[in-house]
Amino acid sequence: MSKILEISHLNYKKNNKQILNNINLTLDSGKIIGLLGANGAGKTTLMRLISGVNAKNSGKVIVSGIDTKAGIKSCVSMTYSLDSLKKSPSRISAGTKVKNIIQFYLDIYPDFSFEKYQEMAKFLGINSDDKLNSLSTGSGEKLMIALTLARQVPIYLLDEPLNGIDIMTRKKIIKSVLQWKNDNSTIIISSHYVKEISSLLDEVIILKDKQIYQTIPVEDIQTQYHLGVEEYYEQIYEGGVSNE
Ligand SMILES: Nc1ncnc2c1ncn2[C@@H]1O[C@H](COP(=O)(O)OP(=O)(O)OP(=O)(O)O)[C@@H](O)[C@H]1O
């Protein structure tokens with residue numbers, strides 16, 4: 001199994017505040033990994049550092065053997081919030097439709113598969129004639145998931161893809177992640193719906209106190225601790241399980 005991600009001694013500060021401290025992480029390709037942590041633990045920040053959107057203060061990030069910013073951008077597909085797209089006035093006007101955003105992705109990402117997007121859009125019920133400004137939170141989230149997963153890259157970063165989404169739609173999104181994952185691609189998914197995503201996961205990364213507290217296979221959580229992912233995670237935050 002090849003290494004998809006190698007992070008060493010990664011540090012990140014914002015406005016003189018240490019957000020992440022000495023992150024070290026190595027991941028094999030082909031897995032679905034849950035990135036768990038309380039509000040403000042640094043999940044979004046870590047994803048933005050991996051994708052190259054945020055510039056690190058020090059340390060190394062190597063994705064699929066590549067460590068240049070441009071190279072990393074071409075092998076990482078990360079979900080952006082629909083709001084961040086809407087705040088981009090050069091791209092979005094009152095009349096901008098879903099199909100215009102699809103075209104935008106086709107224009108900027110040579111790896112974007114229109115076929116794959118169409119399959120997912122059909123499954124998730126996304127209408128390409130809908131106006132972006134009229135999409136509900138859930139429809140916007142479904143669109144962002146389909147756009148993100150339609151790129152053909154080695155690693156996908158799904159940041160809170162279930163936030164503000166009803167239960168039926170959450171189930172559909174989880175199903176679509178499983179259905180459209182290539183065997184050799186890697187998905188890192190952050191979510192506070194730990195129980196719901198746990199069926200997807202091969203491995204869990206727990207962020208706590210600005211650091212990676214632990215990286216553990218789900219199988220080990222079950223066999224060593226006889227717990228589900230959610231119970232294990234809660235116990236760590238409550239101080240009941242040691243990572244020694
Ligand atoms: N632009 C910023 N300026 C200063 N601090 C920031 C900025 N963005 C994030 N932070 C801080 O960085 C820390 C990590 O934030 P981040 O959004 O990465 O956490 P998270 O784990 O994704 O949280 P959540 O689960 O609430 O989405 C928080 O303490 C947050 O206040």
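Overview of results
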item: Rounded D (µm²/s) - segment 142-200, Kirkwood Rh over Cα pairs, Stokes-Einstein at 37 °C, 0.692 mPa s; result: 281
item: Helical mean residue ellipticity (222 nm; -39500 (n - 2.57) per DSSP H run of 4+; nearest 500) of the chain; result: -10500 deg cm²/dmol
item: Residues of type lysines that Lys13 reaches as a straight line, Cα spacing below 17 Å, ignoring anything fewer than 8 places off in the same chain; result: Lys43, Lys56, Lys60, Lys208, Lys210
item: Packing-based order for 122-133, 169-180, using average beta carbon neighbours within 10 Å, highest first; result: 169-180, 122-133
item: Spatial separation of Cα centroids for segment 2-31 and segment 34-106, in angstrom; result: 16
item: Sorted peptide list for 37-50, 138-151, 20-33, criterion being average Cβ within 10 angstrom, highest first; result: 138-151, 37-50, 20-33
item: For segment 1-142, the spread of Cα positions along each principal axis, largest first, Å; result: 46, 38, 27
item: Antiparallel content of DSSP bridges confined to the chain, in %, to 5; result: 60
item: For segment 82-152: Kirkwood Rh in Å [reciprocal of mean 1/r, alpha carbons]; result: 12.1
item: Per principal axis, descending, Cα span of the chain in whole Å; result: 54, 38, 36
item: For Ile19, distant residues with modelled amide H under 5 Å away; result: Tyr12, Lys13, Lys14
item: Per-residue Cβ neighbour rank within 10 angstrom, fewest leading, Thr186, Thr137; result: Thr137, Thr186
item: Label point distance in nm, Asn24-Asn133, each placed 7 Å from Cα along Cα→Cβ; result: 5.2
item: Cβ charges +1 (Lys, Arg) and -1 (Asp, Glu), total dipole of the chain, debye; result: 1080
item: Cα centroid separation - segment 144-217 against segment 110-132, whole Å; result: 19
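Computed from the coordinates by the stated procedures, all read-outs in this text should not be read as laboratory data. Given the structure is predicted, the values throughout are model-derived calculations rather than measurements. Note that each Cβ is placed from the backbone with ideal geometry, even for glycine, and that neighbours are counted across all protein chains shown.
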